[in-house]
Structures are given as C-alpha cells and as structure tokens.
Amino acid sequence: MYVFRLKEPIRRADRRECKIYTSYAKTLREDFNNRCGYCDDSGELGLRNFAIDHFVPQNPIDFVNDIAPNYYYNLVYSCNFCNSSKSNKWPTKDSKIFNDGNVGFIEPTTVDYTNLFKRSALGEIICNGQKPSIADYIIRELKLWYPVHHITWRLERVKKLGEEVKAKILNVTDDDIKKELEATHYEILKEIDDLYQNLFTTINEK
C-alpha cells in the first residue's frame, strides 16, 4: 500500500482578495501544488483540464449558501473529473456542516482528508480505515474509483522512474552497464506510452 498523497495543499492567510473567483486560478494552482485537491492527480502531465470548485456549492440544491463566490477559503483547485462529479452535491443542506459523520465531505486541505485514503499497489484510491462511511461516500460521489485516477498515478510514478534512470545513465562510464541501463530506460518509455494510450482510451470511454 502507498500513501494517498505526499504533500498536502495549503491555505494561506496572506492571500489578496480577488473580486472574481476565477482570478484565483494561479494562486490555487500554487497552493494545491498543481494537483487536484480531491484526487491528487497532477496537472503537470497535461492530460486534463483543471477548474475551480466551490467546496460548499455556489448554487446548491434545497438550501441557501451565504458564502460569497469569491471567498478564497471555499475554493478548491480541481480536475475536471472531480469537479463535474462533485457538482452541487452537499447532503447536509447546511453550509456550516460539512458532513454528519456518515455522509458529506471533508475540507481537502486538511490532514483529516489526507488520512481518509490510501493507495493500493495499483494506485487505486481506497479507504484507509478512518471514518469509513465518509471515505466511501467521497470515493463514490467523486468517482475516485474511476480508472483514470490510478492510471494517472501509475503514469506519474513511471515517468519519475524514467527520469531517475536517464540521470544515472549520464554518469555511467562502463559501456556494458550503460547499455543495460539504456535498455531498461527504453522499456520504461514503452510502458509510459502504453499508459498514455490506456489513459486516453479510458477518458474517451467515460
């Protein structure tokens, strides 16, 4: 098993207020480490679009949200998959109550959110054993079980491994060892290409 994410997003106290929430795009990208606040998929791979999600929905169903649309602390940097899956869902029907202990959400910049999940050997996002009802609710409602997420996770790991191998090759002087490393690097590049193809196929089948 693997940890859900290596670095948590942050909320800064010194952020300048923007009149329009979309103006926070660059700020949120930095604060969320260029990763989706919900699934932790990286934006550096360039495989999907990212958006700004209102944690408490801006246009909720069946209750009134009194949080200003440009309130920085209610904004989440989100990939298009999680953003569209979450939509206006807010089961507590109260902007001040994130969950009732069984269903609902947890603020994604907190340790509590990180501790909800872990990764399987294949990178699947699964419950870590803490607050299983809420963890299962979030996995189900945000579709964190969707293959695009663990394929992206695997792709990122393989790309990093490829970079490490390439860096080592540059420092090798023994020709035999260098050839062996180059062969390994070639296999890694093939794996990366296969993962890309699988990912795009998965996205197109959504």
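Based on protein heavy atoms only, the chain ends up with 56 Å² per residue of surface accessible to a 1.4 Å probe. Rounded to whole Å, the principal axis extents of the Cα atoms in the chain read 69, 37, 31, largest first. For the pair VAL3 and GLU44, a Förster radius of 25 Å applied to the C-beta separation gives a FRET efficiency near 0.85, rounded to the nearest 0.05.
Determine, for each peptide in 171-180, 113-122, the mean count of other beta carbons within 10 angstrom over its residues, then list the peptides with the highest first.
113-122, 171-180
Label separation (ILE10 vs THR173): 4.3 nm, computed from points 7 Å beyond Cα along the C-beta direction.
Calculate the FRET efficiency for LYS160 and CYS127 from the Cβ-Cβ distance with a Förster distance of 35 Å, rounded to the nearest 0.05.
The computed FRET efficiency comes out at 0.85.
Pairs from the list LYS96/LYS159; LYS7/LYS166; LYS26/LYS118; LYS131/LYS159 with a Cα-Cα gap above 30 Å: LYS96/LYS159; LYS131/LYS159. Hull volume per residue, based on the alpha-carbon atoms of the range 1-114 and their convex hull, is 119 Å³.
Would you compute, from DSSP H runs of 4+ residues alone, the mean residue ellipticity of the chain at 222 nm, taking -39500 (n - 2.57) per run and dividing by the full residue count, rounded to the nearest 500?
-13000 deg cm²/dmol
Each residue of the range 92-102 was assigned a 3J(HN,Hα) from its phi angle through the Karplus curve 6.51 cos²θ - 1.76 cosθ + 1.60 (θ = phi - 60°); the sequence is 6, 6, 9, 5, 8, 10, 6, 7, 10, x, 10 Hz, with glycine and proline shown as x. Axis of helix 175-205 versus longest Cα principal axis of the chain: the two differ by about 30°, to the nearest ten degrees. Taken along the Cα-to-beta-carbon direction at a fixed 7 Å, the label points for ILE20 and THR92 span 3.2 nm. On a 0 to 90 degree scale, rounded to 10, what angle separates helix 132-141 from the longest Cα axis of the chain? With both axes taken from Cα atoms, the answer is about 80 degrees.
Under a GNM of the chain (C-alpha, springs under 10 Å), which listed residue has the highest mean-square fluctuation: ASP66, ASP94, ASP41? Answer for the Gaussian network model of the chain: ASP66. Within the range 102-139, list the residues whose amide N lies under 20 Å from a label point set 7 Å along Cα→Cβ of TYR73. Those under the cut-off are 105-114.
If packing is taken as the mean number of other Cβ atoms within 10 Å per residue, what is the order of 133-139, 26-32, highest first? Provide the component values of the computation, followed by the final result.
Details: 133-139: 19.7, 26-32: 17.3.
Ranked by mean Cβ neighbours within 10 Å, highest first: 133-139, 26-32.
Each principal axis of the Cα cloud of the range 1-54 was taken in turn, and the coordinate range along them, longest first, works out to 42, 25, 18 Å.
The values are calculated or read from the model by the stated rules, or taken from the named source; none is laboratory data. Keep in mind that this is a model prediction, so the values were computed, not measured. Because the Cβ atoms are built from the backbone with ideal geometry, glycine has one as well, and the counts that use them run over all protein chains shown. Heads up: the accessible areas ignore ligands, DNA and RNA and are worked out on the full protein's heavy atoms, side chains in. Shrake-Rupley method; radii C 1.70, N 1.55, O 1.52, S 1.80 Å.
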